[in-house]
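K.L.:
The structure that follows is given in the form of structure tokens.
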């Protein structure tokens, strides 16, 4: 698809701009839907009904929220480092946005079929840490600084189990290309890597328990990477007020918000591509053409987004040292053991 | 705790403690409490509570009323989440001063109201404690059931938060006929909610990890600081004014005093204080059940004095509020207004122990400790 767009605008930068802007077509509607979904899911878990007045069952409320944020005064504290303060939210968003370049939405469309896909995702998504640290420091607020330092420690720690879990799957698949990973799993639900991948039965049976553990590690660690409860300690509202984005208002705050939701989809999408077949239909070749691929991808992605929302409104928050404990003493050793086992299986079969 | 590090160039780097304000505008100080924290990174070295942001001169105002009855709405506004218990306590002091014997029915209704209010107050304590730990959903479950209690109050006296219901010598209204069936319905429903709260919060692994062994208050420290209520009982001390200095008709009911047992950590930690409140709600239900089934007939206003003009003298009346021993010391000079009123506020006394029990824990733990003390700033500052 990218080639086709470029061929429409020969000798012009316009083609690249259009390709670059394409993910926005997805992110903006997705954010609106997810804000609505989160509020409604939370409400129904808590015996409430959430918004009901703007539009049918409050469906227009996310638009109203965004309109409100647009109108809000954009406050920059006098004592803040102005340049960094303004730059930070965009940097956070860039880190998230850049990962959309490699997400394979269907077999026809992936922004770039990069061979180092997974490596790229892990590397680029770390840029958000810089943005968060920057926002916390530039705000000149002690609570923000606490939030930023916690966020930095947390995201850096949790990248290790995520990376180890993903690498184990890469060893099985033999590729880092997210598009190729999806294609490998397109032969129906039992070809997905969570069920051992498209291999002979013995190898599959050996891989299934390991894959399941790896999936749990990836799910937990990715939840920590997007700073959501039970790992939302960087913005723990009962401790740090709002963490690194305490001082932000108006559109800058909205961009933090958007980045958080976009990031939520990215980590869910990575889980989907690596373990759950990406755009592949669960029924093999049935319902597996054109638009259906996009449908399956978004559906699976939203399923994991919903799981994140569900856990957020169920569980209490961990403490900062317990969070580190989970990462370094539980997830990382398990991921390492899994990686070694996967290596042995790959070598012997 | 100042550390001096030498860099490779021979220059010195110093680490310093940071002073940071928690409040008065902070989500988890339960009102306008300001905690001045001295922190070393995330570790709390010292906590200095600053109070007085909600001071409304209750005691001074009371001296300038036209009569004793007018003090009761002010008493409501002290501990605004447990107004019934405040009124109850003040009425006990006032009746002691006037040497009035109130009818049996009045005492029974007062006990029902006080225990319903205790449940409502503990629901707020439990719910907001959950929020402090990061669990939002139990809070709304708590408020859903608190709403039912407020409906019962509204049905009885028309008000939902500040009632002016328990008067010296009687009550403002009798129970409406539909109160008893509604209250029975509530008791049945609420037993389910307690189970729900236990499943969702009390025995949640993360919740236990966050609260067990945190903010341990040993029994001797609790007694030395004068802590009362769930704070004291959480430390394993069996002390409840309803049993130990029984008042009203509490001696006619069968209930247990819940104490902290240190099930998941040390006796006197945040989890114990929390669990004492959960268990007390069950005991309050038992008291309400018994009181409803044996409610005597009679007048509710026969003992209300036409004119309150006590003899000169002084009196101290106390009762067990959800936060502990709430007492009123009243000095009368023989006129229709009190010469002096002093409130012994349990929340104030309980709060004083915070710097003692939160040193060395982390900021996140301090939030848990503040939540487990269950302060109401209206009562701390008065």
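K.L.:
Separation of region A:311-344 and region B:329-382 by C-alpha centroid, Å?
P.N.:
41
K.L.:
Here is a further query. If we count other beta carbons within 10 Å of each Cβ, what is the order of B:157, B:270, B:142, A:338, fewest first?
P.N.:
The most exposed by this proxy come first: B:157, A:338, B:142, B:270.
K.L.:
Here's another thing I want to ask about it. If we restrict to alpha carbons, what Rg and Dmax does region B:296-382 come to, in Å?
P.N.:
19.0, 57
K.L.:
What angle do you read, to the nearest 10 degrees and between 0 and 90, between the alpha-carbon axis of helix A:61-71 and the longest principal axis of chain A?
P.N.:
Tilt relative to chain A: about 50 degrees.
K.L.:
Now for a different question. Specify the angular offset, from 0 to 90 degrees and rounded to the nearest 10, of the alpha carbon long axis of helix B:137-157 from the longest principal axis of the alpha carbons in chain B.
P.N.:
Value to nearest ten degrees: 20.
K.L.:
Considering every residue in B:124-136, what mean count of other chain Cβ atoms within 10 Å of its Cβ is obtained?
P.N.:
Averaged over the peptide's residues, the number is 4.
K.L.:
In whole Å, what is the distance between the alpha-carbon centres of region A:119-138 and region A:68-105?
P.N.:
11
K.L.:
What is the calculated FRET efficiency for residue B:151 to residue B:16, with r their C-beta to C-beta distance and R₀ = 56 Å, to the nearest 0.05?
P.N.:
Efficiency computed from Cβ-Cβ geometry: 0.55.
K.L.:
Sort the following peptides by mean Cβ neighbour count (other Cβ atoms within 10 Å, averaged over residues), highest first: B:328-336, B:164-172, B:21-29, B:79-87.
P.N.:
Going by the mean number of other Cβ atoms within 10 Å, highest first, we get B:79-87, B:164-172, B:21-29, B:328-336.
K.L.:
Rounded, prolate or oblate: pick one for region A:1-71, where a ≥ b ≥ c are the square roots of the eigenvalues of its C-alpha gyration tensor, a/c under 1.5 means rounded, and failing that, prolate if a/b is larger than b/c, else oblate.
P.N.:
prolate
K.L.:
Please find the FRET efficiency linking residue A:73 to residue A:336, where r is the Cβ-Cβ separation and R0 is fixed at 56 Å, and quote it to the nearest 0.05.
P.N.:
0.65
K.L.:
Given the -39500 (n - 2.57) contribution per DSSP H run of 4+ residues, what per-residue ellipticity at 222 nm results for chain A, rounded to the nearest 500 deg cm²/dmol?
P.N.:
Result for chain A: -21500 deg cm²/dmol, rounded to the nearest 500.
K.L.:
Using 7 Å Cα-to-Cβ label points, what is the residue B:188/residue A:59 separation (nm, one decimal)?
P.N.:
Here the modelled spin labels are 4.0 nm apart.
K.L.:
Can you pull the mean other chain C-beta count within 10 Å for peptide B:139-151?
P.N.:
Mean inter-chain Cβ contacts per residue within 10 Å come to 1.
K.L.:
Now a separate question. Ranking request for peptides A:27-33, B:222-228: highest mean number of other beta-carbon atoms within 10 Å first, then the rest in descending order.
P.N.:
Highest-to-lowest ranking by the protection proxy: B:222-228, A:27-33.
K.L.:
At 0.36 nm per residue, minus the direct Cα-Cα distance, what do residue A:24 and residue A:4 gain on full extension? Give it in nm, one decimal, please.
P.N.:
That works out to 5.3 nm of additional length.
K.L.:
Sorting check: for A:195-202, A:91-98, B:354-361, which peptide has the highest mean count of neighbouring beta carbons within 10 Å, and how do the rest follow?
P.N.:
Answer by packing, highest mean first, reads A:91-98, B:354-361, A:195-202.
K.L.:
What is the angle, in °, between the Cα long axis of helix A:250-275 and the longest principal axis of the Cα atoms in chain A? Nearest 10 is fine, range 0 to 90.
P.N.:
10
K.L.:
I need the calculated FRET efficiency for the pair residue A:14 and residue A:123, taking r as the beta carbon distance and R₀ as 22 Å, to the nearest 0.05.
P.N.:
Efficiency, rounded to the nearest 0.05: 0.20.
K.L.:
Oh, and also: Highest GNM mean-square fluctuation, chain A, Cα pairs closer than 10 Å: which of A:141, A:177, A:263?
P.N.:
A:141
K.L.:
Additional query: Which shape class applies to region A:82-348: rounded if a/c is under 1.5, otherwise prolate when a/b exceeds b/c and oblate if not, where a ≥ b ≥ c are the square roots of the Cα gyration tensor eigenvalues?
P.N.:
Cα axes put region A:82-348 in the prolate bin.
K.L.:
Separate question: How big is the Cα convex hull of chain B in projection, averaged over all directions, in nm²?
P.N.:
Taking a quarter of the hull surface, the average projection is 20.4 nm².
K.L.:
Which of A:226, A:274, A:241 ends up with the largest GNM mean-square fluctuation for chain A, with Cα atoms connected below 10 Å?
P.N.:
Highest fluctuation of the listed residues: A:241.
K.L.:
Here is a further query. Can you tell me the length gained on complete extension of the stretch residue A:52 to residue A:83, counting 0.36 nm per residue apart and subtracting the Cα distance?
P.N.:
Between residue A:52 and residue A:83, full extension yields an extra 7.1 nm.
K.L.:
Projected area of the protein assembly as shown, taken from the Cα convex hull and averaged over every viewing direction, in nm²?
P.N.:
39.7
K.L.:
Work out the mean other chain Cβ neighbour count within 10 Å for the residues of A:41-54 and drop it here as an integer.
P.N.:
2
K.L.:
Something else: Which value results for Rg/Rh of region A:250-320 when Rg is the Cα radius of gyration and Rh the Kirkwood radius based on the inverse mean 1/r?
P.N.:
That ratio equals 1.11.
K.L.:
From zero up to wherever the largest Cα-Cα distance of region A:153-243 sits, split into 10 Å bins and tell me the percent of pairs in each.
P.N.:
Result returned by the calculation: 16, 38, 25, 14, 6, 0.
K.L.:
With a ≥ b ≥ c the root eigenvalues of the C-alpha gyration tensor of region A:1-147, is it rounded (a/c under 1.5), prolate (a/b larger than b/c) or oblate?
P.N.:
Oblate is the answer for region A:1-147, as a/c is 1.5 or above yet b/c matches or exceeds a/b.
K.L.:
Right, here's the next one. For region B:115-139 and region B:274-322, compute the distance between their C-alpha centroids and round to whole Å.
P.N.:
23
K.L.:
Next up: Report the label-to-label distance for residue B:340 and residue B:220 in nanometres (one decimal), using points 7 Å from each Cα along the Cα→Cβ vector.
P.N.:
Distance between the two pseudo-spin positions: 3.4 nm.
K.L.:
Okay, next question. With a 10 Å cut-off between alpha carbons and a GNM built on chain B, which of B:173, B:50, B:205 moves the most?
P.N.:
With Cα springs under 10 Å in chain B, the top fluctuation among B:173, B:50, B:205 is at B:205.
K.L.:
Let me see the P(r) profile for region A:168-302: every Cα-Cα distance counted, bins of 10 Å, each bin given as a percent of all pairs.
P.N.:
12, 35, 27, 17, 9, 1
None of the figures in this text is laboratory data; all of them are computed from the coordinates on show. If you're wondering where the values come from, they're calculated on a predicted model, not measured in any experiment. Every residue, glycine as well, gets a Cβ built from its backbone with ideal geometry; the counts of neighbours run over all protein chains shown.
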